[in-house]
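J.: The structure under discussion is supplied below as structure tokens; questions concerning it will follow.
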Amino acid sequence: MAVRSICVLPEPVLRQKARKVPTIDNSVERLIDDMIDTMRGVSGVGLAAPQIGVPLRVAVIEMPGEEVITLINPEIVKRQGERLIGEACLSVPGYQGELKRSVWVKVKAQDRRGRYIRLKGEELLAQALEHEIDHLDGILYVDRVESGGLWKSVPAESPEEL
Ligand code: ZN
């Protein structure tokens, strides 16, 4: 297990559509472990594989006080509601923005054992799911911010980084 360095804009890997994981082999297991270590190392709530330079459809999320969620080949199958929230990304350091996210989402994916799972998330978890799955399509939150909705962040008041 290892902490890897985080890619920041304008690294091209952040703009690529990540590839599906065909089989969960040792290299994917290692990738997941490294992603968890890296996310914890920077106190992030979520991390997508392209953020450490790997264009594969893998994401991890760790909500405060809860178990790590590993998502392989995740897809949003349903979303509901809309809310305006603050957001920040480990790959866009020093900034935060305001944008609209769903209140509730349902995602299908595989877990690290390859089992098919369905997951529902509200509020911060819904936000993290949308943010990380966006990363797998080369989309960053700054793309979803309306004009004037992005500013330099004040560390003490910055939203959770994803
Ligand atoms: Zn991000």
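The values are calculated or read from the model by the stated rules, or taken from the named source; none is laboratory data. In this text, all values refer to a predicted model and were calculated from it rather than measured experimentally. FYI the Cβ positions are ideal-geometry reconstructions off the backbone, even for glycines, and counts take in every protein chain you see. SASA here: full protein model, heavy atoms, side chains in, ligands and nucleic acids out. Shrake-Rupley method; radii C 1.70, N 1.55, O 1.52, S 1.80 Å.
J.: Hey, what number do you get for the chain at 222 nm if only DSSP H runs of n ≥ 4 count, each worth -39500 (n - 2.57), divided across all residues, to the nearest 500?
T.: Rounded to the nearest 500, it is -6500 deg cm²/dmol.
J.: Can I ask one more? Please determine, in degrees from 0 to 90 and to the nearest 10, the orientation of helix 123-136 with respect to the longest principal axis defined by the Cα atoms of the chain, where the helix direction is its Cα long axis.
T.: Value to nearest ten degrees: 70.
J.: Compute the angle between helix 26-41 and the longest alpha-carbon principal axis of the chain, please, reported from 0 to 90 degrees and rounded to the nearest 10.
T.: It is inclined by approximately 30 degrees.
J.: What's the FRET efficiency of GLU146 with LYS17 using the Cβ-Cβ distance as r and R₀ = 25 Å, to the nearest 0.05?
T.: Approximately 0.55, to the nearest 0.05.
J.: Taking the Cβ of ASP134 as the center, what net charge do the other residues with Cβ under 9 Å away carry, scoring Lys and Arg +1 and Asp and Glu -1?
T.: Local charge sum for ASP134: -3.
J.: Taking every eigenvalue of the Cα gyration tensor of the stretch 1-75, multiplying by 5 and rooting it, what semi-axes result, largest first, whole Å?
T.: Whole-Å semi-axes of the equivalent ellipsoid: 17, 16, 12.
J.: Compute the whole-percent fraction of alpha carbon pairs in the chain spaced more than 24 Å apart.
T.: Summing the P(r) tail past 24 Å for the chain gives 27 percent.
J.: Residue by residue through the stretch 82-98, which ³J(HN,Hα) values in whole Hz follow from phi under the Karplus form 6.51 cos²θ - 1.76 cosθ + 1.60 (θ = phi - 60°), with glycine and proline marked x?
T.: 8, 8, 9, 9, x, 8, 9, 10, 4, 8, 10, x, x, 10, 9, x, 10
J.: In the full protein assembly as shown, how much of GLU82 is accessible to a 1.4 Å probe, in Å² to the nearest 10?
T.: Looks like 130 Å² after rounding.
J.: Give me the accessible area per residue for the stretch 12-150, probe 1.4 Å, as a whole number in Å².
T.: About 47 Å² of surface per residue is accessible.
J.: For the stretch 12-150, please report how many Lys pairs fall under 12 Å Cα to Cα, leaving out neighbours fewer than 8 apart on the same chain.
T.: Value for the stretch 12-150: 5.
J.: Just ILE61, ILE139, ILE24 to compare: in a GNM of the chain, with alpha carbon springs under 10 Å, which one fluctuates most?
T.: Most flexible of the set in this elastic network: ILE24.
J.: Any idea how far apart LYS120 and ASN26 come out in nm if each label point goes 7 Å out from Cα toward Cβ?
T.: The modelled label-to-label distance comes out at 4.1 nm.
J.: Tell me, what is a quarter of the convex hull surface for the C-alpha atoms of the stretch 69-162, in nm² with one decimal?
T.: That works out to 6.1 nm², a quarter of the Cα hull's surface.
J.: Quick one: what are the phi-derived ³J(HN,Hα) couplings along the stretch 151-156, Karplus 6.51/-1.76/1.60 with θ = phi - 60°, whole Hz, x for glycine and proline?
T.: 8, 5, 8, 9, x, 5
J.: Continuing with this model, one more query. Mind checking which of ASP143, ASP111, ASP134 has the largest fluctuation in a GNM of the chain, springs on alpha carbons under 10 Å?
T.: ASP143
J.: While we're on this one: GNM on the chain, C-alpha springs below 10 Å: top fluctuator among ALA126, ALA59, ALA48?
T.: ALA126
J.: Just add up the charged neighbours of VAL103: K/R +1, D/E -1, any other residue whose Cβ is under 14 Å from the Cβ of VAL103.
T.: +3
J.: Within the accessible area of the chain, what % is carbon and sulfur when the probe is 1.4 Å and the other protein chains stay in place?
T.: The nonpolar share, carbon plus sulfur, comes to 48 percent.
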